[in-house]
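This report refers to the structure that appears directly beneath it.
The values are calculated or read from the model by the stated rules, or taken from the named source; none is laboratory data. Fair warning: this is a prediction, and the values are worked out from it, not measured in the lab. All Cβ positions, even for glycine, are placed from backbone atoms using ideal geometry, and neighbour counts span all protein chains on display.
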Amino acid sequence: MVHYRRACVPGGTFFFTVALNDRKANTLVANVAALRKVLDEVRSTRPFHINAMVVLPEHLHAIWTLPEGDADYSARWRSVKAGFVIALRREGFASRPNMKGEHAVWQRRFWEHQIRNDDDMARHVDYVHINPVKHGLVKRVSDWRWSTFHRYVREGILPSDWAADSDIPGEFGE
């Protein structure tokens with residue numbers, strides 16, 4: 001059995017990339033209400049703060065801060081993934097279980113990176129928000145509906161025309 005080394009920092013802040021198995025699907029944006037509901041349900045039982053997030057058609061990026069003394073983001077992602085599959089199946093989404101009985105909607109693993117300092121946080125928040133532009137889904141960050149970018153604008157953290165003509169460099173787990 002493979003044992004993955006994960007950062008285990010209670011109360012830490014982490015950047016995640018979580019993807020569907022079908023990288024050509026639009027399942028996440030087509031079912032974003034179900035995803036939001038599942039995230040809210042998981043947060044009600046296993047709290048965490050969503051610092052930044054973007055939902056793309058077949059993957060998402062998120063930055064979460066866990067409560068002090070808690071480092072178990074894996075259980076939270078497991079709950080999010082399972083809850084989303086259950087919600088999809090209730091809506092008639094066809095998926096067959098694999099030999100392990102799993103409905104292989106999601107890729108089995110996810111990518112995580114521990115946010116180390118303010119500069120690291122700023123770069124990853126920028127990456128989360130620029131991602132729809134990077135993938136050619138929109139020309140301007142403000143045109144993508146499923147992003148915390150809009151919260152950042154409402155709170156006066158970013159202007160609505162942020163990154164209109166820029167590129168955010170870096171490798172971020174895709």
| query | Do you know which of the residues in the range 50-108 that are at pLDDT 95 or above and hydroxyl-bearing (Ser, Thr, Tyr) is surrounded by the fewest Cβ atoms within 10 Å (Cβ to Cβ)? | reply | Ser74
| task | For the range 125-170, enumerate the residues that are modelled with pLDDT of 95 or more, among the aliphatic types (A, V, I, L, M) and outside any helix (DSSP H, G or I). | result | Leu137, Val138, Ile157, Leu158
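In this structure, is Val32 over 25 Å from Ala122 (Cα atoms), touching a residue at least 12 places away in the same chain (Cβ under 8 Å), of a type outside the set (S, T, N, Q) and in contact with a helix residue (DSSP H, G or I) (Cβ under 9 Å, 6 or more places away or on another chain)?
On the way: over 25 Å from Ala122 (Cα atoms): yes; touching a residue at least 12 places away in the same chain (Cβ under 8 Å): yes; of a type outside the set (S, T, N, Q): yes; in contact with a helix residue (DSSP H, G or I) (Cβ under 9 Å, 6 or more places away or on another chain): no.
For Val32, the condition - over 25 Å from Ala122 (Cα atoms), touching a residue at least 12 places away in the same chain (Cβ under 8 Å), of a type outside the set (S, T, N, Q) and in contact with a helix residue (DSSP H, G or I) (Cβ under 9 Å, 6 or more places away or on another chain) - is not met.
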| remark: For Asp118, the lone unmet condition from (1) among the acidic types (Asp, Glu); (2) modelled with pLDDT under 95; (3) over 16 Å from the mean Cα position of the chain (by Cα) is (2)
| note | Counting only residues that are touching a Pro at 6+ places or on another chain (Cβ under 9 Å) and hydrophobic (A, V, I, L, M, F, W, C), the range 2-54 contains a total of 7
| All but one of (1) more than 15 Å from Ala62 (Cβ to Cβ); (2) touching a residue at least 12 places away in the same chain (Cβ under 8 Å) hold for Glu155; which doesn't? | (2)
| said: One residue is enough: does the range 17-26 have a residue meeting the conditions of a type in the set (Lys, Arg), surrounded by fewer than 18 Cβ atoms within 10 Å (Cβ to Cβ) and without any contact (Cβ under 8 Å) to a residue 12 or more places away in the chain? | reply: no
